[in-house]
Amino acid sequence: MSGYEGPMRVLSGIQPSGGMHLGNYLGAIRKFVELQHEYDCFYCVVDMHAITVWQDPAKLREQTFHIAASYLAAGVDPKIAAIFHQSAVRAHAELAWIFNCVARLGWLDRMTQFKDKAGKDKERASVGLYTYPVLQAADILVYKATHVPVGEDQKQHLELSRDIAGKFNHDFKADDFFPLPEPLIKGPKGQGGARIMSLRDGTAKMSKSDVSENACIFLKDDADAIARKIKKAKTDPEPLPSEPKGLEGRPEAANLVGIYAALAGKSDADVLAEFGGQGFGVFKPALAELVVEKIAPIGAELNRLEADPAYLKSVLDAGAERASTVADKVVREVKEIVGFVV
Ligand code: ATP
Ligand code: LTN
């Protein structure tokens, strides 16, 4: 982090673009819960990122509450960490514009998420989808966050945030004004979970926007739905190997073992020491039982919280106020550095 000497801070965000799933939980929220006790934490619902692709307005509002409720249901404590939605803190948009003038087209041209999401017809993608990673850099740096818990798919965006911070510091001769934020990609205590794959295709990431509903375990799935999806999960006919090396070239098996390990707080090797030689007829029911044990209570709490939107709004409002206090100060400093009259 070069010579930056400011406080250690965490920021992360999730888009209100669909239901929260096991990938979001293991790749992101579970880490949010652990980090709140070590750092000053800001957890955002990134609604401005969500609208880079079409969102039905009524659903967007509902999903914003859903993500906030998921943070709470998983164990983020709003008295400790700030929980808020991005559009309520205008400093994000202000800094994003300035960063649009710092980031280079060549940098954005290399972003793989844009290529994946824009698909073949990139002429019809929104301009927002293209500058999405610049807004993400603003989300992080408007709090001078030093650490960012995310799943592995966000590594490239974090590198871009570091490049933007570095170029800003350099161009304006503002040494160490922004920290160079570090991604926190591994699961808590270094366990897996950074990349959970689809239950229908072990080479595609589990994603909110997957068309096949059996591909994804949602936090709101009940015990029956969880068991059914795991039973239907794609596998191969071989029994499980006794060592992780034996999972090579078996993406579906590797994914299910990885999910088990991440939820049980064990390594893949530990799981295979227990289940090596067994077929999926034994392993799948054991996995289903573990997923139900860990996820169903979160789902129940999520349902309870969603029934109280007034409470959720009060959490978001308080979080936005707290976040604005920090972010407005940074934007003011940035404006002075850039030469705006303040
Ligand atoms: P979308 O399908 O709309 O792109 P998403 O499911 O990828 O959404 P995001 O809102 O983009 O979810 O991501 C929220 C957080 O969850 C990020 O930190 C991301 O890295 C993490 N994440 C998303 N999918 C997975 C996954 N399959 N495994 C691990 N982490 C994931
Ligand atoms: N691009 C992220 C969501 C996101 C984010 C952030 C994550 C937006 N702003 C800031 C970490 C920090 C994604 O998960 N797709």
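The values are calculated or read from the model by the stated rules, or taken from the named source; none is laboratory data. What you see is a predicted model, and the numbers here were worked out from it, not measured in a lab. Don't worry about glycine lacking a Cβ; one is built from the backbone with ideal geometry, like all the others, and counts go over all protein chains shown. These accessible areas exclude ligands, DNA and RNA; they are computed on the full protein's heavy atoms, side chains included. Shrake-Rupley method; radii C 1.70, N 1.55, O 1.52, S 1.80 Å.
If I filter region 48-69 for residues that are within 17 Å of the chain's Cα centre (by Cα), near ligand 1 (Cβ under 10 Å from one of its atoms) and small (Gly, Ala, Ser), do I get at least one hit? Yes - at least one qualifying residue is present in region 48-69. Which residues, counting only those in region 280-295, are touching a residue at least 40 places away in the same chain (Cβ under 8 Å) and open to solvent by less than 30 Å² (accessible area, probe 1.4 Å)? Passing the criteria: Phe280, Phe283, Lys284, Leu287, Ala288, Val291, Ile295.
One residue stands out among those in region 132-175 that are free of Cβ contacts under 8 Å to residues at least 24 places away in the same chain and open to solvent by 20 Å² or more (accessible area, probe 1.4 Å): the one that is nearest to ligand 1 (Cβ to nearest atom), which is Glu159. Name every residue in region 42-68 that is more than 12 Å from ligand 2 (Cβ to nearest atom), touching a strand residue (DSSP E or B) at 6+ places or on another chain (Cβ under 6 Å) and within 27 Å of Ala264 (Cα to Cα), in order of residue number. Ala68, the sole residue that qualifies.
Annotation: Pro133 fulfils all but one of (1) in a loop (DSSP other than H, G, I, E, B); (2) within 12 Å of ligand 2 (Cβ to nearest atom); the unmet one is (1). Every condition in (1) more than 23 Å from Asn214 (Cα to Cα); (2) hydrophobic (A, V, I, L, M, F, W, C); (3) part of a helix (DSSP H, G or I) is met by Phe340 except one, and the failing one is (3). With respect to being of a type in the set (Ser, Thr, Tyr) and open to solvent by 10 Å² or more (accessible area, probe 1.4 Å), Thr112 fits the description.
Yes or no, residue by residue, for (1) open to solvent by less than 40 Å² (accessible area, probe 1.4 Å); (2) more than 16 Å from Gly23 (Cα to Cα); (3) part of a helix (DSSP H, G or I):
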{"position": "Lys229", "(1), (2), (3)": "yes, no, yes"}
{"position": "Lys234", "(1), (2), (3)": "no, yes, no"}
{"position": "Pro237", "(1), (2), (3)": "no, yes, no"}
{"position": "Leu240", "(1), (2), (3)": "yes, yes, no"}
{"position": "Leu256", "(1), (2), (3)": "yes, no, yes"}
{"position": "Ile259", "(1), (2), (3)": "yes, no, yes"}
{"position": "Leu263", "(1), (2), (3)": "yes, no, yes"}
{"position": "Ala269", "(1), (2), (3)": "no, yes, yes"}
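If you go through region 140-175 and pick out every residue that is charged (D, E, K, R), closer than 21 Å to Leu108 by Cβ and more than 10 Å from ligand 2 (Cβ to nearest atom), you end up with 7.
Just one of the numbered conditions (1) more than 30 Å from Lys335 (Cα to Cα); (2) out of contact with any helix residue (DSSP H, G or I) (no Cβ under 6 Å at 6 or more places or on another chain); (3) more than 16 Å from ligand 1 (Cβ to nearest atom) is not true of Ala223: (2).
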